[in-house]
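K.L.:
Dropping a structure here in structure tokens format, bear with me for questions.
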Amino acid sequence: MHRFFRLAHSVPARPDRTGLFLALTAAALLMATAARVHAQFSAPPHETTVHDTSALRPPAGSRVAIVEFEDLECPDCANANPILKQAAATYKIPWVRHDFPLPFHAWSFNAAVNARWFDARSKALGDEYRDQVFANQSSITSPDVLNQFTQKFAQSHNIALPFAIDPLGKLAAEVKADYALGQRVGIEHTPTIWVVTADSKGAPFVEVVDRSKLYQLIDQSIEDTKAAPPHTK
């Protein structure tokens, strides 16, 4: 690296149209990437326009729930994860997690498939895997590193991973189905979070755009559903 730096400074600069073109192209790509990252990680400027409300209902037997569409490689999803986990535990309400792996993320789809494999052993184990992926997200830099992380996670629970986690593609199909559901709903960013209710006298669902207001929204939803029977469908 140092050697290249010295060599570059020992040769007189010459006009190079090809180099200029490449530099401008790189700058344009950098700006596009920055805009895309900003759109992903900053707070959305407005609430999601919902096209399909079928996913925005609490599970059977519940009046209020949290519904989230997440990407395991998304840093803002990692930020939201402990907040949502604590809220669900505090209020003892369901937290419904949907996979929405963004296409430009290198390993998020694989991680979602892995999580579903652990779900099949127990839902608690699958959620623990998701929590650990989020907690260690910055150190998971590639699909290969994800594989190593997953092997260690399985070993820590005395589980032997098979050579192929999803040989028939069943789990991958489930992840793709969740992604398609998110598209029908109108998901534009991750995480997208709602507090949803059954037979509420207020709004049937409200998006959590400002997470500092999450508990306030849950309190209001609980108040609005006091007289409602639990959701049964």
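K.L.:
Could you give each residue of the stretch 172-189 its phi-based ³J(HN,Hα) in whole Hz, using Karplus coefficients 6.51, -1.76, 1.60 with θ = phi - 60°, and x for Gly or Pro?
P.N.:
So the J values, rounded to whole Hz, are 4, 5, 5, 5, 5, 5, 5, 4, 5, 4, x, 5, 5, 5, x, 4, 10, 7.
K.L.:
How large is ³J(HN,Hα) for each residue in the stretch 70-82, as worked out from phi by the Karplus curve 6.51 cos²θ - 1.76 cosθ + 1.60 (θ = phi - 60°), to whole Hz, x for Gly and Pro?
P.N.:
10, 10, 5, 9, 7, x, 6, 5, 5, 5, 6, 3, x
K.L.:
While we're on this one: Distance from a point 7 Å along Cα→Cβ of Gln132 to each backbone N in the stretch 75-106: keep the residues under 13 Å and list them by number.
P.N.:
Of the residues in the stretch 75-106, none has backbone N under 13 Å from the label point off Gln132.
K.L.:
Moving to a separate point now. To check you understand DSSP bridge types, tell me what percent of the beta bridges within the stretch 67-210 (both residues inside) are antiparallel, rounded to 5.
P.N.:
Details: 6 of 10 bridges.
Of the beta bridges lying entirely in the stretch 67-210, close to 60 percent run antiparallel.
K.L.:
On to the next question. With a/c under 1.5 counting as rounded, go ahead and sort the stretch 85-130 into rounded, prolate or oblate using the C-alpha gyration tensor (a ≥ b ≥ c being the square roots of the eigenvalues; past the cut-off, prolate if a/b is larger than b/c, else oblate).
P.N.:
oblate
K.L.:
On to the next question. What lysines does Lys176 reach when the alpha-carbon gap must be under 25 Å and sequence neighbours fewer than 8 apart in one chain are set aside?
P.N.:
Output for Lys176: Lys85, Lys123, Lys233.
K.L.:
Additional query: Order the peptides 56-65, 164-173 from the highest to the lowest mean number of other Cβ atoms within 10 Å of their residues.
P.N.:
Values: 56-65: 18.9, 164-173: 12.7.
Highest to lowest by the protection proxy: 56-65, 164-173.
K.L.:
For a quick check of understanding: with a 1.4 angstrom probe and all protein chains in place, what accessible area in square angstrom does Phe100 have, to the nearest ten?
P.N.:
Phe100 has an accessible surface of roughly 10 Å² with all protein chains in place.
K.L.:
Report the one residue of Leu125, Pro101, Leu146 whose Cα lies farthest in the direction of the positive end of the charge dipole of the stretch 60-156 (charges on C-beta: Lys and Arg +1, Asp and Glu -1; origin at the Cα centre).
P.N.:
Leu125
The values are calculated or read from the model by the stated rules, or taken from the named source; none is laboratory data. If you're wondering where the values come from, they're calculated on a predicted model, not measured in any experiment. Note that each Cβ is placed from the backbone with ideal geometry, even for glycine, and that neighbours are counted across all protein chains shown. We work out accessible area using only protein heavy atoms, side chains counted, and drop any ligands, DNA or RNA first. Shrake-Rupley method; radii C 1.70, N 1.55, O 1.52, S 1.80 Å.
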